[in-house]
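A.B. asks: One structure follows; several queries about it will come next.
The values are calculated or read from the model by the stated rules, or taken from the named source; none is laboratory data. Since we're looking at a predicted model, the values are computed, not measured. Cβ placement follows ideal geometry from the backbone for every residue including glycine, while neighbour counts extend to all protein chains displayed.
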Amino acid sequence: MTKTSHVKAALLPTLALILAAIVLSAASSAVAQPASLLRRAKKQSFVPPSTSPEEQSDAYQGRNNGTLARQPIVPGKAFDRIIHVWLENTDYSAAASLATFQRLQKQGQTLTSFHGVTHPSEPNYMASAFGSFFGLHDDNFSWIPKNITSVYDLLDKKGISYACYQENMPFQGFQDYDNKQKNYVDPSASDYTFYVRKHNPCAFSSTFAKPGTERYKRNRNMNDFAADLKADALPQHIFVTPNMDDDGHDSGISYAAQWVDWFLSDLLKNPHFNSERTLVVLTFDENETYAAENRILTLLLGNAVPQNLRGSSSDLYMTHYGILATTQANWGLMHLGRGDVDPILSNIVPFVAEAAGYKGNAQVPLEKRPLLNLTGVTAGPLTETQYQPFFAPTKQAQAAKGAGGAGVLLLPGLDPNATPDKGPAPKNLKLTGGSSFYRSQANVAKD
């Protein structure tokens with residue numbers, strides 16, 4: 001088995017498709033990346049949106065209208081809170097060369113063999129919460145129906161609180177594709193698109209779209225974050241997405257590193273953020289060079305990192321699916337039956353595995369590690385050219401125990417017998433002028 005040949009069957013059906021995707025990756029890198037680098041070169045001086053992430057900001061438009069209710073802490077095996085902080089599109093070496101990340105490496109543990117699962121951005125954010133990207137191969141509007149499980153369903157089962165905090169999202173529960181507002185970085189410039197839905201895991205499921213529901217208000221912005229922080233009401237599972245400048249997407253890694261300094265320097269000293277058992281996962285969605293292995297710098301920070309591991313590294317082969325499985329192991333959660341139980345792609349953080357008594361991590365030889373640099377189209381409900389419906393997990397996955405030691409979670413409205421092997425062959429909807437039902441914002445309310 002070669003580095004390019006292992007991929008979960010539900011995601012990549014043929015070796016030919018994988019090889020074609022790698023060729024496409026090289027071609028797209030040669031064309032698109034110089035333009036992105038030119039765009040990024042224009043912004044080098046970081047402009048903070050406020051004096052501190054602990055304070056609300058007029059640069060964020062809408063002010064907070066109320067904090068989350070404080071909930072009882074559900075203790076985990078290795079941590080009681082996990083905070084995901086994602087940056088954008090950076091090769092491992094580029095991030096690791098900067099002083100900001102070198103300094104943080106001394107404070108935590110570096111995962112030196114950590115990988116995104118595909119290209120471009122949106123499928124990675126989706127995969128982190130759902131264990132799959134369901135054939136998504138672009139950053140267009142896509143949504144997932146209520147009978148398809150996510151990490152949030154697993155957390156709900158155990159009564160574990162959660163929220164996404166999105167920089168420059170105008171108000172809680174916001175559902176639109178993006179948000180353009182006054183450019184606080186350059187007030188003389190035209191309005192700017194700081195917030196994009198494609199970077200928000202709490203925006204994908206229709207269960208977050210109905211105003212007045214508990215999930216709707218857990219899709220929050222950074223003014224909400226400041227208010228929740230001051231009230232000591234931050235939940236146990238948090239996903240933080242900086243805006244399109246601050247995450248490096250439009251500005252480059254040097255700019256993003258300055259945002260990291262601004263965001264984490266004080267917060268890591270704040271017990272309302274970094275409590276005694278808080279784990280901060282600072283990572284990237286994907287690398288910049290699509291033709292290369294999709295390796296990204298990932299740092300484990302916070303007080304939950306054991307003292308003897310600070311300044312150390314782990315070369316265990318890991319992916320975004322592994323952080324999902326790590327969460328399951330920590331709290332004894334059920335699993336989704338997708339990438340979170342893939343035998344190669346779901347290795348979990350070693351010190352969490354030790355605390356949880358988990359023995360399922362696999363040492364993956366270099367020659368058997370997938371590149372995970374797909375840019376081509378794969379079958380699934382979120383593509384028009386190889387459309388298939390949403391399936392239940394395979395029977396093998398349904399019978400498996402996940403990293404949390406529990407079985408698969410299936411929701412009402414999904415036939416457990418509607419597995420991929422019994423489904424229809426992929427169909428090109430465009431040949432008949434059709435489109436995927438799940439690629440239209442107008443259809444979300446119909447679910």
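A.B. asks: All but one of (1) out of contact with any Asp or Glu (no Cβ under 6 Å at 6 or more places or on another chain); (2) outside any loop (DSSP other than H, G, I, E, B) hold for residue 148, so report the exception by its number.
C.D. replies: For residue 148, the exception is condition (2).
A.B. asks: When you go through (1) surrounded by fewer than 20 Cβ atoms within 10 Å (Cβ to Cβ); (2) within 19 Å of residue 356 (Cβ to Cβ) one by one for residue 269, which number turns out not to apply?
C.D. replies: Unmet condition: (2).
A.B. asks: So in segment 151-164, with the set limited to residues that are in contact with a Cys (Cβ under 8 Å, 6 or more places away or on another chain) and either among the basic types (Lys, Arg) or not in a helix (DSSP H, G or I) (or both), which one is surrounded by the most Cβ atoms within 10 Å (Cβ to Cβ)?
C.D. replies: Within segment 151-164, the subset in contact with a Cys (Cβ under 8 Å, 6 or more places away or on another chain) is 152, 163-164.
Now narrow it down to the ones that are either among the basic types (Lys, Arg) or not in a helix (DSSP H, G or I) (or both): 163-164.
Details: 163: 25, 164: 28.
Restricting to residues being in contact with a Cys (Cβ under 8 Å, 6 or more places away or on another chain) and either among the basic types (Lys, Arg) or not in a helix (DSSP H, G or I) (or both), the top hit is 164.
A.B. asks: Could you list, in sequence order, all residues of segment 402-414 that are touching a strand residue (DSSP E or B) at 6+ places or on another chain (Cβ under 8 Å) and assigned to a loop (DSSP other than H, G, I, E, B)?
C.D. replies: Within segment 402-414, 402, 403, 404, 406, 407, 409 qualify.
A.B. asks: Residues 417, 373, 361: which one is part of a loop (DSSP other than H, G, I, E, B), out of contact with any helix residue (DSSP H, G or I) (no Cβ under 7 Å at 6 or more places or on another chain) and within 29 Å of residue 328 (Cβ to Cβ)?
C.D. replies: Values: 373 fails: out of contact with any helix residue (DSSP H, G or I) (no Cβ under 7 Å at 6 or more places or on another chain); 361 fails: out of contact with any helix residue (DSSP H, G or I) (no Cβ under 7 Å at 6 or more places or on another chain).
That would be 417, the only listed residue that is part of a loop (DSSP other than H, G, I, E, B), out of contact with any helix residue (DSSP H, G or I) (no Cβ under 7 Å at 6 or more places or on another chain) and within 29 Å of residue 328 (Cβ to Cβ).
Residues checked against (1) surrounded by 20 or more Cβ atoms within 10 Å (Cβ to Cβ); (2) at pLDDT 95 or above; (3) in contact with a Phe, Trp or Tyr (Cβ under 7 Å, 6 or more places away or on another chain); (4) of a type in the set (Gly, Ala, Ser):
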| residue | (1), (2), (3), (4) |
| --- | --- |
| 243 | yes, yes, yes, no |
| 288 | yes, yes, no, no |
| 300 | yes, yes, no, no |
| 305 | yes, yes, no, no |
| 313 | no, yes, no, yes |
| 321 | yes, yes, no, no |
| 325 | yes, yes, no, yes |
| 331 | yes, yes, no, no |
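A.B. asks: Among all residue pairs at least 6 apart or on different chains, which show Cβ distances below 6 Å where the first residue, located in segment 399-418, is more than 30 Å from residue 352 (Cα to Cα) and the second is of a type outside the set (Lys, Arg) and surrounded by 15 or more Cβ atoms within 10 Å (Cβ to Cβ)?
C.D. replies: Between residues of segment 399-418 that are more than 30 Å from residue 352 (Cα to Cα) and residues that are of a type outside the set (Lys, Arg) and surrounded by 15 or more Cβ atoms within 10 Å (Cβ to Cβ), the close pairs are 413/147; 414/147; 414/392; 416/392; 416/410; 418/391; 418/392.
A.B. asks: Can you report the number of residues in segment 201-225 which are more than 21 Å from residue 157 (Cα to Cα) and surrounded by fewer than 22 Cβ atoms within 10 Å (Cβ to Cβ)?
C.D. replies: Count: 1.
A.B. asks: Cβ contacts < 6 Å: first residue closer than 18 Å to residue 244 by Cα, restricted to segment 83-99; second residue assigned to a loop (DSSP other than H, G, I, E, B) and β-branched (Val, Ile, Thr), any location; separation 6+ or different chain. Result?
C.D. replies: Qualifying pairs under 6 Å: 91/289.
A.B. asks: Keeping to segment 421-447, report how many residues are part of a loop (DSSP other than H, G, I, E, B), closer than 26 Å to residue 216 by Cβ and free of Cβ contacts under 8 Å to residues at least 24 places away in the same chain. Steps first, please.
C.D. replies: Quick first cut of segment 421-447, residues part of a loop (DSSP other than H, G, I, E, B) only: 423-426, 428, 433-436, 440, 447.
Of the ones still in play, those that are also closer than 26 Å to residue 216 by Cβ are 436, 440, 447.
Imposing the further condition that a residue be free of Cβ contacts under 8 Å to residues at least 24 places away in the same chain reduces the set to none.
The number of residues fulfilling the criteria is 0.
A.B. asks: Another one. When segment 104-135 is examined, which residues are found to be buried (at least 24 other Cβ atoms within 10 Å of the Cβ), part of a loop (DSSP other than H, G, I, E, B) and within 14 Å of the chain's Cα centre (by Cα)?
C.D. replies: Hits for segment 104-135 are 116, 117, 118, 119, 131, 132, 133.
A.B. asks: Quick one: in segment 165-200, of everything that is out of contact with any strand residue (DSSP E or B) (no Cβ under 8 Å at 6 or more places or on another chain) and closer than 22 Å to residue 146 by Cβ, which residue is surrounded by the fewest Cβ atoms within 10 Å (Cβ to Cβ)?
C.D. replies: 176
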